[in-house]
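Shown next, in structure tokens, is the structure this report addresses.
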Amino acid sequence: MNDSSAPRVRVSVDDHGVAEVALVRADKMNAIDAAMFNAINDAIATLRGDARVRAVVLHGEGRAFCAGLDKSSLQGLAGEGTAGVGDIVPRTHGLANLWQQVSWGWRELQVPVIAAVHGVAFGGGLQVALGADVRIVHPQAQLSVMEIRWGLVPDMSGCVLLTELVRPDIARELTFTGRIVTGVEAAALGLATRTSEDPLGDARSMARQIAGSSPDAIRAAKRLFNGASPVDAARVLVNEAFEQQRLIGSANQREAVAAGMEQRAAKFR
């Protein structure tokens, strides 16, 4: 089986109603390509339609949670215009577009989602984790809002989720610099719920505890917290797409990708 046809996500549900969603492109550190986008969104749709599910554990197999966009996808963004991406402003999944849904879809799932993060969660991978209700992170994990390195902005609902989780100046600093933080610092900043030497084991334990509680109360609590957000998600998600569409394929964005791939200093206009 070649890489393009290999599975990207595995979904299972146990007898207690705990679902596990595993990113299974371990040889690529679970980097996100077009097939991974579709597979994550399919997993979200499957879980939404499964009445057995009471909690979800989201994790990556291998050395990392998710290394962000696949390099081939980044190279595709180095061409002029948005031919390879298309119009990303129209909403295709409720409030979200296809790319935002891989993060925002976890927020809209009726049940709690717990992300177990190890290795790295960079760029789009971090945004996928931010869509979860809870993030249990290894102390030595590395997290980064890395889009600036490629001349882009967080456009997978990251602007909504960062605004909810961290102070405004912290959100700006992480987005402007793309710097990498450890799991320990991520917890201190609010990107992570807490650290653990065994994120997946602790996520599974929490999911089992949640699954043993009243499903009506758990779902009601999630609806209430979602409704309590001060962020105008509909407006920000559209603005994310609009700003990203303007950047993709622009001269400076193409130079950012080329410089990154060639490991040289960028020469911006």
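The values are calculated or read from the model by the stated rules, or taken from the named source; none is laboratory data. What you are looking at is a predicted structure, and each value in this text was computed from that prediction instead of being measured. Methodologically, a virtual Cβ is constructed for each residue, glycine included, from the backbone with ideal geometry; neighbour enumeration extends over all protein chains shown. SASA here: full protein model, heavy atoms, side chains in, ligands and nucleic acids out. Shrake-Rupley method; radii C 1.70, N 1.55, O 1.52, S 1.80 Å.
Quick notes on this one:
- Å² of accessible area per residue within the chain, as computed with a 1.4 Å probe and no ligands counted: 46 Å²
- DSSP beta bridges confined to region 93-154 are antiparallel in about 10 percent of cases.
- Mean shadow area of the chain over all directions, Cα convex hull, nm²: 14.0 nm²
- Here's the picture: charge each Lys and Arg Cβ at +1 and each Asp and Glu Cβ at -1 in the chain, and of VAL53, ASN41, GLY105 the one pushed furthest to the positive end of that dipole is GLY105.
- Carbon plus sulfur fraction of accessible area for the chain, probe 1.4 Å, in percent: 54 percent
- FRET efficiency for ARG179 and SER5, using Cβ-Cβ distance with R0 set to 51 Å, rounded to 0.05: 0.90
- Hull volume per residue, based on the alpha-carbon atoms of region 223-266 and their convex hull, is 111 Å³.
- Taking the chain and dividing mean pair separation by its residue count, relative contact order in percent (alpha carbons under 8 Å, at least six apart): 21 percent
- Judged by the mean number of other Cβ atoms found within 10 Å, the most tightly packed of the peptides 86-93, 40-47, 162-169 leads the ranking 40-47, 162-169, 86-93.
- Fluctuation leader among GLY131, GLY62, GLY158 - the chain, Gaussian network, Cα springs under 10 angstrom: GLY62
- For the chain, share of DSSP beta bridges that run antiparallel, in % to the nearest 5: 30 percent
- Extension gain for the segment GLU262 to ASP15, taken as residue separation times 0.36 nm less the Cα-Cα distance, is 84.0 nm to one decimal.
- Reachable lysines, given that their alpha-carbon falls under 24 Å from the alpha-carbon of LYS71 and they are not under 8 places away in the same chain: LYS28, LYS267
- Calculated mean residue ellipticity at 222 nm for the chain: -13000 deg cm²/dmol, from DSSP H runs with n ≥ 4 weighted as -39500 (n - 2.57), summed, divided by the residue count and rounded to 500.
- Scanning the chain for DSSP H helices at least 20 Å long along the axis (C-alpha atoms) with a Kyte-Doolittle mean no lower than 0.0 picks out 34-48.
- Magnitude of the charge dipole for region 136-194, about its Cα centre and with charges confined to Cβ atoms of Lys, Arg (+1) and Asp, Glu (-1), is about 120 debye.
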